[in-house]
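The values are calculated or read from the model by the stated rules, or taken from the named source; none is laboratory data. Only a predicted model underlies this, so the values are computations on that prediction, with no experimental measurement involved. Glycine gets a Cβ as well: all are built from the backbone with ideal geometry, and neighbour counts include every protein chain shown.
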Amino acid sequence: MRLPLAPSFLSVAAFLSMALAFATPAAAQLEVDITGGIAAPMPIAIPGMTTPAVANTPAGDTASLGQRVADVVTNDLKNSGLFNPLPKSALQTVGYSQMSAPDYMFWTQSGAQALVQGFVQLNNDGTLTVGCYLYDVLAKAELTRQGYVVPVSQWRQGAHKCSDMIYTRLTGEGPYFNSRVVYVSETGPKKNRIKRLAEMDQDGANHRFMTNGQTIVLTPRFAPGQNTIVY
């Protein structure tokens, strides 16, 4: 049986504001080597993301969304085992004007080797732009930047895309944070098990059941187009 998925979020990788409009400077060689043993995860600072103007959305205002986006990125990178995000007590509030001009002296003293800064902006069409910047603190250099446009209801996907950008740039490995997990959920007594097809983000968020237990569910897998699940 083929089951259509909910429409995937709109991801537009574009330089969508003046802050994202300039070419990225030559990248320094800050990298995480994952081919051998890792003595210690890389210290990385991820302060709450700022906003050019506080605006209300169905998911909360853009100021609170900025902190929530940073929290998702923090958890993504921490759970990879390759990064050690600084605690919130060691972070400073970053203003919109600082996104492309980090306080390198502060971040060097904090012990961070890498820095993630960004913003959340409500667009005229009701979508969100999540802007994400990655810096090498020791070299005082920008490594990469990217902007993502997502529906407000899917702000977490914008955060996961930011995590993917950071992970890929620093490890050289492919992205995986903005991915979905489909599995068969089993409940009920041993002789009367109910099996339902379920879906969630890779970090466990946005969990939902896709079937009601009235149909046979075996070995779910994504169809080639990724918009349909075959089971």
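Before moving on, here are some points about what is shown:
- Residue in the range 74-87 that is farther than 17 Å from Ile166 by Cα, at pLDDT 95 or above and of a type outside the set (S, T, N, Q) present: yes
- Qualifying residue in the range 86-97 (condition: among the hydrophobic types (A, V, I, L, M, F, W, C), under 12 Å from the mean Cα position of the chain (by Cα) and within 16 Å of Ile46 (Cα to Cα)): no
- The set of residues from the range 80-132 being buried (at least 23 other Cβ atoms within 10 Å of the Cβ), among the aromatic types (Phe, Trp, Tyr) and closer than 18 Å to Arg68 by Cβ comprises just one member, Phe119.
- The residue that is nearest to Gln109 (Cα to Cα), counting only those in the range 41-70 that are assigned to a helix (DSSP H, G or I) and in contact with a Gly (Cβ under 8 Å, 6 or more places away or on another chain), is Ala70.
- Some residue of the range 73-96 being aliphatic (A, V, I, L, M), under 26 Å from Asp125 (Cβ atoms), assigned by TED's automatic domain parsing to the domain that holds Ala112 and part of a helix (DSSP H, G or I): yes
- Residues in the range 46-72 that are buried (at least 16 other Cβ atoms within 10 Å of the Cβ), within 16 Å of Gly126 (Cβ to Cβ) and of a type in the set (S, T, N, Q): Thr51, Thr57, Thr62.
- Comparison of Gln117, Gln109 shows that the only residue that is in the same structural domain as Gly48 (by TED's automatic domain parsing), on the phi < 0 side of the Ramachandran plot and either basic (Lys, Arg) or without any contact (Cβ under 8 Å) to a residue 12 or more places away in the chain (or both) is Gln109.
- Annotation for the range 122-142: no member residue is modelled with pLDDT of 95 or more, touching a Leu at 6+ places or on another chain (Cβ under 8 Å), assigned to a helix (DSSP H, G or I) and not hydroxyl-bearing (Ser, Thr, Tyr).
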